[in-house]
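To start, the structure under review is shown below, and the notes come after it.
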């Protein structure tokens, strides 16, 4: 094994963190959940830094990294929803968007061929808002009262961005699929 595999190993470790994080959230151990979520975020930054700085990028890393990110966010939303800390409508919007994207990517792969996702600005903004929301909810639940003031606004902003991002993916990739389909006739 070479050093080039370090970013992938960090990403896999982040994926493994999802199960204990889910347990911590579902059992109400919020300070520990916040610490583990922050560790996962730091590991995401570290693996990205190493991959870029040392040109240790790989096709596997390009696939695993976004999966790890989605896994961690989904676990956080589900775990917080389980304990009634996040409303059902917001979790439905977040997980519904991800399901639509996943089904769209699978359909593209089956009908057209290789799928190369390109996150848009609205998608990146959605991720930042969702991470910020999860962090502040966890901080509040861990006893940091300052965080509560921002949660309602971030919930609405996250929901709006999530819906906009889902719509953006459907329109952008739907149009691309239509163009590919028409060019093949």
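The values are calculated or read from the model by the stated rules, or taken from the named source; none is laboratory data. Just so it is clear, the model here is predicted, and its values are computed rather than measured. Reconstructed Cβ throughout: ideal geometry from the backbone, glycine too, with neighbour counts over all protein chains shown.
Results, tabulated for the structure shown:
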| read-out | value |
| --- | --- |
| Single match in 92, 139, 164 (criterion: within 23 Å of residue 26 (Cα to Cα), in contact with a helix residue (DSSP H, G or I) (Cβ under 6 Å, 6 or more places away or on another chain) and at pLDDT 95 or above) | 139 |
| Residue in the range 63-73 that is surrounded by fewer than 17 Cβ atoms within 10 Å (Cβ to Cβ), part of a helix (DSSP H, G or I), modelled with pLDDT of 95 or more and within 17 Å of the chain's Cα centre (by Cα) present | no |
| Residue within the range 137-155 that is touching a residue at least 60 places away in the same chain (Cβ under 8 Å), outside any helix (DSSP H, G or I) and farther than 14 Å from residue 93 by Cβ present | yes |
| Residue count, the range 109-124 (criterion: in contact with a helix residue (DSSP H, G or I) (Cβ under 6 Å, 6 or more places away or on another chain) and in a helix (DSSP H, G or I)) | 2 |
| Breaking point among (1) farther than 19 Å from residue 72 by Cα; (2) buried (at least 19 other Cβ atoms within 10 Å of the Cβ); (3) modelled with pLDDT of 90 or more, for residue 173 | (3) |
| Single match in 169, 181 (criterion: touching a helix residue (DSSP H, G or I) at 6+ places or on another chain (Cβ under 6 Å) and assigned to a helix (DSSP H, G or I)) | 169 |
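Residue-by-condition table, conditions (1) at pLDDT below 95; (2) touching a strand residue (DSSP E or B) at 6+ places or on another chain (Cβ under 8 Å); (3) surrounded by 12 or more Cβ atoms within 10 Å (Cβ to Cβ); (4) assigned by TED's automatic domain parsing to the domain that holds residue 164:
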position: 118; (1), (2), (3), (4): yes, no, no, yes
position: 125; (1), (2), (3), (4): no, no, yes, yes
position: 130; (1), (2), (3), (4): no, no, yes, yes
position: 150; (1), (2), (3), (4): yes, no, yes, yes
